[in-house]
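Novice: Handing you this structure, nothing more for now.
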Amino acid sequence: MQIFEIREAIAEAASAAVLPAGVGELTCTGYLPDSIYEPHFFVGEYDQEYDRTYGGVDRVEFTCRVLVGRADDLSAQKILDSLLSRHGAASLKTAIEAARGVPGAMALGGLAHDLRVMRVQAYRWYEHAGTKYVGAELVIEVIGDGA
């Protein structure tokens, strides 16, 4: 697996999430950005486990963040909750897991064997580049050929 390509493909998949009218568009990057235009999703840190199988399949856990501006703390958390929902037009889980493809096909446009959004964690206030946001982390598991 080529990690940077996987990160970019996850961000591209996340960009399919559709926010409610009047909220704006979700911006997405496959890397940790210097500054963001909110609401923003980015692929941050990752942990990689090599040779998970004898055939050389690797497992990577990506920690992604979604940050929402806090002009109004209640409305910001409603937007964040819609992004973290299991289903719906704004659901990041739904958008990202759509990149799994059809059964039997490779995920992320052929870059990996499979992926899944494992969990949401760390729902809290974040500071990024000197600005505070309400946000959360999504942990995404990707498995694929380590060659």
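Values quoted throughout were computed directly from the atomic coordinates according to the rules given, and no laboratory measurement underlies them. The shown structure was predicted, so the numbers you read here are calculated from the model rather than taken from an experiment. When we count neighbours, we look across all protein chains shown, and the Cβ atoms used for this are built from the backbone with ideal geometry, even at glycine.
Novice: Can you name the residue in segment 1-36 that is among the hydroxyl-bearing types (Ser, Thr, Tyr) and in contact with a helix residue (DSSP H, G or I) (Cβ under 9 Å, 6 or more places away or on another chain) and, of all such residues, is nearest to MET106 (Cα to Cα)?
Specialist: At the first step, the residues of segment 1-36 found to be among the hydroxyl-bearing types (Ser, Thr, Tyr) are 15, 27, 29, 31, 35.
In the following step, the residues that additionally are in contact with a helix residue (DSSP H, G or I) (Cβ under 9 Å, 6 or more places away or on another chain) were identified as 15, 29, 31.
On the way: SER15: 20, THR29: 22, TYR31: 23 Å.
Ranking the qualifying residues of segment 1-36, first place goes to SER15.
Novice: Since ASP81 meets every condition but one in (1) acidic (Asp, Glu); (2) surrounded by 12 or more Cβ atoms within 10 Å (Cβ to Cβ); (3) part of a strand (DSSP E or B); (4) free of Cβ contacts under 8 Å to residues at least 24 places away in the same chain, which condition does it not meet?
Specialist: (3)
Novice: Six or more apart or on different chains, Cβ under 7 Å: which pairs go from a residue in segment 51-66 that's part of a strand (DSSP E or B) to one that's of a type in the set (S, T, N, Q)? Could you list them?
Specialist: ASP58/GLN48; VAL60/GLN48
Novice: Is there any pair linking a residue in segment 30-45 that is surrounded by 13 or more Cβ atoms within 10 Å (Cβ to Cβ) to one that is in a loop (DSSP other than H, G, I, E, B) and of a type in the set (Val, Ile, Thr), with Cβ under 8 Å and at least six apart or on different chains, and which?
Specialist: Sorted first by the residue in segment 30-45, then by its partner, the pairs are PRO39/VAL23; PHE42/ILE36.
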